[in-house]
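Participant: Here it is: the structure, laid out below.
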Amino acid sequence: MLASFSVLPVGVGEALSEHVARIIAIIDESGLDYRLGAMETTVEGSEDEVMNLIMKCHRAARDTASRVLTSITIDDRAGVTGRLTGKIEDIERVLGRSVRRG
């Protein structure tokens, strides 16, 4: 399963880098493969691993904010793994060239 998600603590001010860094540390420590993007992070793992990680991140944000907005997009394709890089490789194959990677 792939899941792209963002966790937004509300009411903690305009600068969010310290809050985001705490969340990224949790993701990094999870051992799941992930890609950090400018607006969201994508992780790959089993349904339980991915959803437990997202909720752990959400709860960590709730420790410092009274309101948290978490957005999730899930790509759940049966019997397929390695899609975090595989999806990009598929596009590169169709284009016949490399694309910029985040």
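The values are calculated or read from the model by the stated rules, or taken from the named source; none is laboratory data. Only a predicted model underlies this, so the values are computations on that prediction, with no experimental measurement involved. Here Cβ is always computed from backbone atoms with ideal geometry, including for glycine, and neighbour counts include all displayed protein chains.
Participant: Identify, by number, the condition in (1) part of a strand (DSSP E or B); (2) surrounded by fewer than 10 Cβ atoms within 10 Å (Cβ to Cβ) that Phe5 doesn't meet.
Facilitator: For Phe5, the exception is condition (2).
Participant: Starting from region 2-27, keep only residues that are under 18 Å from Ile72 (Cα atoms), then list their pairs with residues that are assigned to a strand (DSSP E or B) and among the basic types (Lys, Arg) whose Cβ atoms are within a distance under 7 Å, requiring at least 6 positions of separation or different chains.
Facilitator: Val10/Arg67
Participant: Next up: Out of everything in region 21-59 that is outside any strand (DSSP E or B) and hydroxyl-bearing (Ser, Thr, Tyr), what residue ends up being surrounded by the most Cβ atoms within 10 Å (Cβ to Cβ)?
Facilitator: Top of the filtered list is Ser30.
Participant: Another one. When only residues in region 64-93 that are among the aliphatic types (A, V, I, L, M) and out of contact with any strand residue (DSSP E or B) (no Cβ under 9 Å at 6 or more places or on another chain) count, which is surrounded by the most Cβ atoms within 10 Å (Cβ to Cβ)?
Facilitator: For region 64-93, the residue satisfying everything is Ile88.
Participant: Tell me which of these Glu14 doesn't satisfy, since it passes every other one: (1) of a type outside the set (A, V, I, L, M); (2) over 12 Å from the mean Cα position of the chain (by Cα); (3) assigned to a helix (DSSP H, G or I).
Facilitator: It fails just one condition, (3).
Participant: I would also like to ask the following. Scan region 52-81 residue by residue and report those that are without any contact (Cβ under 8 Å) to a residue 12 or more places away in the chain and closer than 15 Å to Leu32 by Cβ.
Facilitator: Asn52, Met55
Participant: Mind listing whichever residues of region 66-92 are within 30 Å of Val10 (Cβ to Cβ), of a type outside the set (Ser, Thr, Tyr) and touching an Asp or Glu at 6+ places or on another chain (Cβ under 8 Å)?
Facilitator: Across region 66-92, the qualifying residues are Asp76, Leu84.
Participant: State which residue is nearest to Val43 (Cα to Cα) when the search covers only region 60-94 and only residues that are modelled with pLDDT under 95, among the aliphatic types (A, V, I, L, M) and not in a loop (DSSP other than H, G, I, E, B).
Facilitator: This residue is Leu84.
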